[in-house]
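The values are calculated or read from the model by the stated rules, or taken from the named source; none is laboratory data. Computed from a predicted structure; not experimentally measured. Every residue, glycine as well, gets a Cβ built from its backbone with ideal geometry; the counts of neighbours run over all protein chains shown.
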Amino acid sequence: MIGYYLRLALKSVLRTPALSTFTVLGIAIGVAVPTAMLSIYHVFAQNPIPEKSDVLFNVRVDSWEANSEFFDIRPGDPPKHITYRDMRGLMESDIPRHRTGVANAVIFVFPEDRRLKPYQGIVQLCHADFFPMFGVPFRYGRPWTRDVDASLEHVIVLSKESNETLFGGADSVGKSVRLGEQMFTVIGVLDDFRPTPQYYDIINNAFGLPRPFFLPFDFARDQALGLTRTGDNDSWGSYDANDPDAFFDASEVTWIQYWVELDPDKEAAYRTWVDGYAMAQKSLGRFPRPLNNRVTPLMEWLEVRNVVPNAAPAMVVISLLFLVVCCLNLTGLLLGKFLGMSGLVGVHRAMGASRGAIFLQRLVESELVSVAGGAAGLGLALAALSLLEKAMARSLIPGGLFALNPFMLGVAVLLSLLAGVFSGVYPAWKACRIAPAMQLKVQ
């Protein structure tokens, strides 16, 4: 029966091509706007690692001076990252299952393939626990171990993209990569890995691609290597700039995001341990402010860093209201069309069609128009998101972030079906209320 109604609906749509095209375009625009907005919101607000987000915590301690404020944090919060010496101090706790610092540096890369020119690459400084902690997949090889964090064996992990650049995507484990003046042995190559948002480095690289090179963190201290630290940082106080080690061991420069993985039954104990660490630093003359530490769950950390802009939910609501306006316009168009077909409806009724059958037939026509509009709206949404990606710097929104995915497809289908029902119920009801005797008399 539904197939029969679909054939009738298609004939009715083709009978008025100009009006049908106009209504399809109206629904297309109405569906495109909320589809694009909901897709953006989904990318920004999704849980990037749902299987572990409840056991991953960002750790901050307030090492700042007492009488000044700093940039880009919530009122009353400590600095958004920590110093190197506080990272070393926090790593002394054996409560976390895993722990890692995260920071960025740049260095010149000299490919072995002479056809490739040297270029400046970005290095992700981290510890061995980074990989199991964040569930990083490997295509070839493996991560380094905690022993390497201490020994600074010259090993490196490549991203999938950098392995394709340097080695054509082949298994490069055991091969060498020259960074600066030093050679590093490839120990592992990542598989597809693109958490969105990139929660472990939300401050510097929230929506970019993973860094092309991963090195043991303390290579940052190797003056001979020549890494240049990059990324967001804050500082106060002074230190001996002529002493290379003073930056790490004596400065109050915060530049490291610190993460731990905690078993649920150890969270309270770890918070107590962090407070104890801060009190010990106070006794050494540091941490002049009142105790103000944070052990922040991952999803709360994304909220703290405002990954989802405050205006985003309001924009989603406004886009849905725009769809409602489009549906109201479609209601008017369908009402005029269905009432204009009252003679045909009267004939159908006289031949035995029930009011329910007339109602369903007109509602199917409304849904047909809305589904066609939804398909066109999905295309418009993809085009708009593609333009947005091109308009934004690649470091902020890399290409392919808003590609067609099941969520976007589901949103477009759902919105178009709802639009069809919302727009078609009243016109279909009015059509089925037409008195057949009056129409036949007129005819």
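Taking the conditions exactly as written (in contact with a Cys (Cβ under 6 Å, 6 or more places away or on another chain), at pLDDT 90 or above and among the aliphatic types (A, V, I, L, M)), does Val102 satisfy them or not? When the stated conditions are applied, Val102 passes them.
For the subset of the stretch 50-91 comprising residues that are assigned to a loop (DSSP other than H, G, I, E, B) and aromatic (Phe, Trp, Tyr), which member is surrounded by the fewest Cβ atoms within 10 Å (Cβ to Cβ)? Top of the filtered list is Phe71.
When you check Ala32 against the structure, is it more than 24 Å from the chain's Cα centre (by Cα), crowded, with 22+ Cβ neighbours inside 10 Å and outside the structural domain of Pro288 (by TED's automatic domain parsing), yes or no? Judged against the criteria, Ala32 is not a match.
The rows are residues; the columns are (1) under 22 Å from Gln46 (Cβ atoms); (2) at pLDDT 70 or above; (3) assigned to a helix (DSSP H, G or I).
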residue	(1), (2), (3)
Ser366	no, yes, yes
Ala381	yes, yes, yes
Phe402	yes, yes, no
Met408	yes, yes, yes
Leu415	yes, yes, yes
Gly424	no, yes, yes
Pro427	no, yes, yes
Lys430	no, yes, yes
Met438	no, no, yes
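Within the stretch 67-87, the set of residues being hydrophobic (A, V, I, L, M, F, W, C) and under 15 Å from Val295 (Cβ atoms) comprises Ile82, Met87.
Considering the conditions (1) modelled with pLDDT of 85 or more; (2) within 29 Å of the chain's Cα centre (by Cα), Met279 is excluded by exactly one of them, (2). I'd like to check something: does the stretch 175-194 contain any residue that is within 14 Å of Phe214 (Cα to Cα), of a type in the set (Ser, Thr, Tyr), in the same structural domain as Ala220 (by TED's automatic domain parsing) and crowded, with 18+ Cβ neighbours inside 10 Å? No, the stretch 175-194 contains no residue that is within 14 Å of Phe214 (Cα to Cα), of a type in the set (Ser, Thr, Tyr), in the same structural domain as Ala220 (by TED's automatic domain parsing) and crowded, with 18+ Cβ neighbours inside 10 Å.
For the stretch 220-240, the criterion of being touching a residue at least 24 places away in the same chain (Cβ under 8 Å) and in a helix (DSSP H, G or I) is satisfied by at least one residue.
Of all the residues in the stretch 360-382, those that are more than 19 Å from the chain's Cα centre (by Cα) and farther than 30 Å from Arg433 by Cα number 6. What about Val317, is it without any contact (Cβ under 8 Å) to a residue 40 or more places away in the chain, of a type in the set (Val, Ile, Thr), farther than 30 Å from His127 by Cβ and not in a loop (DSSP other than H, G, I, E, B)? When the stated conditions are applied, Val317 passes them. Of all residues in the stretch 195-232, those being buried (at least 19 other Cβ atoms within 10 Å of the Cβ) and of a type in the set (D, E, K, R) number 2. Among the residues of the stretch 207-222, at least one is out of contact with any strand residue (DSSP E or B) (no Cβ under 8 Å at 6 or more places or on another chain), hydrophobic (A, V, I, L, M, F, W, C), under 21 Å from Ile107 (Cβ atoms) and assigned by TED's automatic domain parsing to the domain that holds Asp62. Of everything listed in (1) more than 21 Å from Val102 (Cα to Cα); (2) touching a helix residue (DSSP H, G or I) at 6+ places or on another chain (Cβ under 8 Å); (3) not charged (D, E, K, R), the single unmet condition for Val274 is (1).
Restricted to helices (runs of 4 or more DSSP H) entirely inside the stretch 102-193, those with at least 1 residues that are among the aliphatic types (A, V, I, L, M) and either out of contact with any Phe, Trp or Tyr (no Cβ under 8 Å at 6 or more places or on another chain) or over 27 Å from Asp86 (Cα atoms) (or both) are 146-151, 160-167. Taken as a whole, the structure places Arg60 among residues that are closer than 21 Å to Ala250 by Cα, outside the structural domain of Leu388 (by TED's automatic domain parsing), in contact with a strand residue (DSSP E or B) (Cβ under 6 Å, 6 or more places away or on another chain) and of a type outside the set (Val, Ile, Thr).
Restricting Val317, Val274 to residues that are in the same structural domain as Val24 (by TED's automatic domain parsing) and either β-branched (Val, Ile, Thr) or modelled with pLDDT under 95 (or both) narrows the list to Val317. Scanning the stretch 292-314 for residues that are in a loop (DSSP other than H, G, I, E, B) and either at pLDDT 95 or above or of a type in the set (Val, Ile, Thr) (or both) yields a count of 3.
Considering (1) touching a helix residue (DSSP H, G or I) at 6+ places or on another chain (Cβ under 7 Å); (2) modelled with pLDDT of 80 or more; (3) of a type outside the set (Phe, Trp, Tyr), the lone condition that Gly285 does not fulfil carries the number (1). Among all positions in the stretch 104-115, there is at least one residue which is surrounded by 15 or more Cβ atoms within 10 Å (Cβ to Cβ), closer than 30 Å to Phe287 by Cβ and polar (S, T, N, Q).
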